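This report concerns only the one structure given below.
Readers should treat all values here as calculations from the given coordinates under stated rules, not as data from a laboratory. This is a predicted model, so every value here is computed, not measured.
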Amino acid sequence: MVKSASCLSPAVMLNPSVRTYRITCALEVLLDKKQLSSVQADVKRWVVSGSRDATLRVWNIESGECLHVLVGHLAAVRCVQYDGRLVVSGAYDYMVKVWNAEREECLHTLQGHTNRVYSLQFDGLHVVSGSLDTSIRVWEVETGACRHTLMGHQSLTSGMELRNNILVSGNADSTVKVWDIVTGQCLQTLSGPNKHQSAVTCLQFNSRFVITSSDDGTVKLWDVQTGEFIRNLVALDSGGSGGVVWRIRANETKLVCAVGSRNGTEETKLLVLDFDVESK
């Protein structure tokens, strides 16, 4: 079942380049009686959901019908990736699995992590998994072999993005690292006096820049080639006292931030900013 969604008009802001949307709606899809922990979609056909009951389910987007149930994990499924052909799942049983969803077949079980798997990236050739054991592992999809174990973070890898064999990872230790997954080399660590003061919540990058958000209420812009801090894009007044930027998404002209808090110090809302990386 899908419930309709609507949003309020932009609130009036003193800064005309920033629009604020109050989040007063929800798009609710009732997929399963079990609590969902992750969802990945191929917008043309399927949604794949991972659940705390240790299963994955494949759903038809148009009809809402459950087409396949993937069984094999021994604990809650935390993260899912789906490329329209293969499903990759990471779970609290320390394992990563690669599935042929249509045949309901597990092709590979990727073992090596010594704690819960929290994040995944999948480009069709490589699986990259981040774990509470502080490591990031790079796996070959075809063979299931572990190609590299990337060490350097001090805590849980909270988010990753993979593009053209370059991986950017954000961590609960407040650092961001840029890796070459072919060589296993750490190319840059985004740190220094302007680094985030608490856990990184989300990130995005292209060939020139990395954008990161954090529990500290800031969004930062970095040079991906040099690792240099460029500037803060967002700095919440409530940052440091509970305000959090949970998620970010950017293109060449806009930056969207999902903002809130754990203690009520910041209203839950979306910030939409006119975005120009060249401006100061």
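Here are some notes:
- Full extension of the segment from Asp223 to Ile166, taken as 0.36 nm per residue of separation minus the current Cα-Cα distance, would add 19.1 nm.
- Backbone amide hydrogens, once placed in the peptide plane, bring Met95 within less than 5 Å of Val117, excluding anything fewer than 5 places away on its chain.
- Added length on full extension, which subtracts the Cα-Cα distance from 0.36 nm per residue, Arg45 to Ala145: 33.0 nm
- Across all directions, the shadow cast by the convex hull of region 60-118 built on its C-alpha atoms averages 4.2 square nanometres.
- Beta bridges per DSSP with both ends in region 75-189, % antiparallel, nearest 5: 100 percent
- Amide H partners (placed H, <5 Å) of Ser158, local residues excluded: Gly170, Asn171, Ala172
- Whole-angstrom gap from region 199-271 to region 72-150, using each part's C-alpha centre: 27 Å
- For region 91-148, alpha-carbon Rg relative to the globular expectation (2.2 N^0.38 Å, N residues): 1.05
- Using every pair of distinct Cα positions in region 144-280, the Kirkwood expression returns a hydrodynamic radius of 15.2 angstrom.
- Amide H contacts of Arg247 (H built 1.01 Å from N, under 5 Å, at least 5 apart or other chain): Ala258
- Averaging over all projection directions, the Cα-based convex hull of region 216-268 occupies 4.1 nm² in the image plane.
- For region 210-217, backbone phi angles converted through the Karplus equation (6.51, -1.76, 1.60; θ = phi - 60°) give residue-by-residue couplings of 10, 10, 10, 10, 8, 4, 7, x Hz, Gly and Pro being listed as x.
- Scalar couplings 3J(HN,Hα) for region 134-142, obtained by applying the Karplus form with A = 6.51, B = -1.76, C = 1.60 to θ = phi - 60°, are 6, 8, 10, 10, 10, 10, 8, 5, 5 Hz; x denotes Gly and Pro.
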